[in-house]
Amino acid sequence: MWVQAVVLILMLAARGTAGFSIKRSARGSDVLYKVPLIDGHNDLPYNLRSHLKNQLANFNFSANLSSDAYWSEVASSFTDLPRLRAGRVGAQFWVAFVGCSSQFKDAVEQTLEQIDVIKRLVREYPDDLHYATSAEDIWEAFNSGKIASFVAVEGGHSLDNRLAMLRLMYELGARYVTLTHSCNTPWGDASPADDINSGTPAEHNGLTDYGKTMVKEMNRLGMMVDLSHVSHNVMIDAINVSVAPVIFSHSSAYAICNHHRNVRDDVLELMPGNGGIVMVNFYSGFVNCKSAAEATLEDVVAHINHIRTVAGVDHVGIGSDYDGVDKVPAGLEDVSKYPDLFDRLADSRPGEPTWGTEDLEKLAGLNLIRVLEEVEKVRDQLAAEGVEPYEDLMPRSDLGNNDGCITDSFSFLKSPQVGIDFGQLTPRRFSHGICD
């Protein structure tokens with residue numbers, strides 16, 4: 001009898017190798033073969049800057065960097081092409097980020113260097129990466145087996161308080177700008193303002209009039225307004241001002257982990273009316289406030305489920321923050337692990353929402369594609385209505401004492417007045433010295 005059993009097993013194995021399909025149960029991650037998985041935030045470009053000075057000749061993106069002698073020791077290194085392929089990533093927003101210490105100094109120059117390295121990286125790997133600037137580009141890349149690669153700018157300080165810089169960032173390919181990073185700008189407060197122990201108090205209690213104009217110009221351009229990193233009041237102001245859906249490119253749920261970087265329920269409740277999306281961050285410190293060291297995939301599932309419950313399944317996505325953090329949950333160790341997250345969501349537990357195929361497709365990428373399409377539609381509508389570029393100038397007084405590196409008297413209002421007497425805007429004289 002045992003001989004017959006062995007023969008039967010060998011016959012089945014032979015059939016499998018001869019092209020007979022062996023059926024298995026459907027998995028949640030199967031949707032990643034049908035729709036593109038879109039991650040809203042990856043900071044690989046900052047790793048390239050901080051470790052390689054953006055010199056790509058010294059970087060092999062085709063290698064699995066987890067076994068590389070150098071990169072395996074970099075705590076924030078989670079990304080390379082082999083692992084992106086294993087994770088079935090269909091589109092990635094690569095982030096042009098520079099630190100808040102560059103604000104009022106050389107933030108624009110540094111940001112341009114980051115946009116440059118993103119574009120060079122995409123060109124260096126044409127068989128895998130597809131430069132993208134539109135929702136249509138996502139499908140084009142996905143259907144050709146490539147990863148749609150977007151440019152994103154993280155932090156309003158990169159704009160140097162000038163609408164012209166916003167417009168030029170768009171021309172250079174940026175399809176979202178995060179209104180602040182961890183520092184306040186002269187026109188909007190960052191999330192640390194919501195923490196009395198942060199040492200960064202609120203300066204504006206939301207967006208100033210100039211900050212609201214920034215949002216309007218982003219609408220006109222067709223650029224997504226990213227509200228990760230901003231204060232609670234800025235979130236509400238931006239949602240109220242924007243005529244297009246907003247995004248949170250890498251934020252989680254405050255009700256699950258009460259960190260100021262996460263999104264409170266009252267803001268989540270605004271998402272259906274705005275049409276926006278909250279893309280869940282994987283950073284251990286944002287998903288498990290009790291013990292970041294013990295964070296697991298289950299914590300991320302809890303955040304996704306909470307946002308779905310409060311905002312709705314049409315308003316949740318993925319924004320891992322890989323390469324921008326140094327601690328990620330067990331089970332989500334790098335960019336290869338997305339399929340495991342989708343398999344777990346499909347395996348609903350008691351008390352959890354049920355994730356059907358269409359729901360998982362929305363989470364994976366269809367929600368973000370819808371948002372980007374609507375942002376593009378608003379752009380086209382405003383153009384048809386003849387809306388011209390905003391030419392507002394920020395009052396120079398809003399800079400406070402942070403004007404030591406500015407030699408230009410013509411990009412700012414001398415005072416917040418409606419009628420401008422350009423004859424009064426005389427160039428300011430500066431002594432030669434250190435900008436600080």
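The values are calculated or read from the model by the stated rules, or taken from the named source; none is laboratory data. In this text the structure is predicted, and so the values were computed from the model without any measurement. Here the Cβ positions follow ideal geometry from the backbone for every residue, glycine too, while neighbour counts run over all protein chains shown. Just the protein is used for accessible areas: all its heavy atoms, side chains included, with ligands, DNA and RNA removed. Shrake-Rupley method; radii C 1.70, N 1.55, O 1.52, S 1.80 Å.
Worth a mention:
- Fraction of accessible area attributable to carbon and sulfur, segment 37-385 (%, probe 1.4 Å): 46 percent
- Within the chain, the longest run free of GluC sites (Glu not before Pro) that sit in a DSSP loop with at most 10 other Cβ atoms within 10 Å is 1-384.
- For the residues 114, 55, 92, a GNM of the chain with alpha-carbon springs under 10 Å puts the largest fluctuation on 55.
- Euclidean distance between Cα centres, segment 40-92 to segment 383-398, Å: 38 Å
- Counted charge near residue 39, where neighbours are those whose Cβ lies closer than 13 Å (Asp, Glu -1; Lys, Arg +1): -1
- Cut-off of 10 Å, at most 12 other beta carbons, DSSP loop: longest stretch of the chain lacking such chymotrypsin sites (Phe, Trp or Tyr not before Pro): 71-409
- Per residue of the chain, the DSSP helices (runs of n ≥ 4 H) give a summed -39500 (n - 2.57) that works out to -10000 deg cm²/dmol at 222 nm.
- Among 299-312, 232-245, sorting by the average number of other beta carbon atoms lying within 10 angstrom of each residue, highest first, gives 299-312, 232-245.
- Largest GNM mean-square fluctuation among 181, 204, 51, using the chain with Cα springs under 10 Å: 51.
- The lysines within cross-link reach of residue 290, meaning a Cα-to-Cα straight distance under 29 Å and a gap of 8 or more places when in the same chain, are 327, 337.
- Crossing angle, helix 2-17 versus the chain [Cα axis fit, 0-90 degrees, rounded to tens]: 40 degrees
- With both labels modelled 7 Å from their Cα along Cα-to-Cβ, the residue 392 to residue 411 distance reads 1.8 nm.
- Rounded to the nearest 0.05, the FRET efficiency derived from the C-beta distance between residue 124 and residue 171 at R0 = 22 Å is 0.50.
- Residues in segment 309-331 that a label on residue 348 would reach, taking backbone N under 20 Å of a point 7 Å out along Cα→Cβ: 309-318
- Between 0 and 90°, nearest 10: helix 232-241 axis offset from the chain longest Cα axis: 80 degrees
- Computed accessible area, residue 49, all protein chains, 1.4 angstrom probe, square angstrom: 60 Å²
- Global form of segment 37-385, assessed from the alpha-carbon gyration tensor, a/c cut-off 1.5: rounded
- Placing +1 on the Cβ of every Lys and Arg and -1 on the Cβ of every Asp and Glu, with no other charges, gives the chain a dipole of roughly 820 debye about its Cα centre.
- Mean projected area in nm² (Cα convex hull; one quarter of hull surface) for segment 62-220: 11.0 nm²
- Nearest-ten-degree value, helix 297-311 long axis tilted from longest Cα axis of the chain: 60 degrees
- Candidates 354, 178, 407: whichever shows maximal mean-square fluctuation once the chain is modelled as a Gaussian network with Cα springs under 10 Å: 407
- Solvent-accessible area per residue, Å², over segment 37-385 with all protein chains present [probe radius 1.4 Å]: 35 Å²
- Pairs of Cα atoms farther than 23 Å apart, segment 160-299, %: 33 percent
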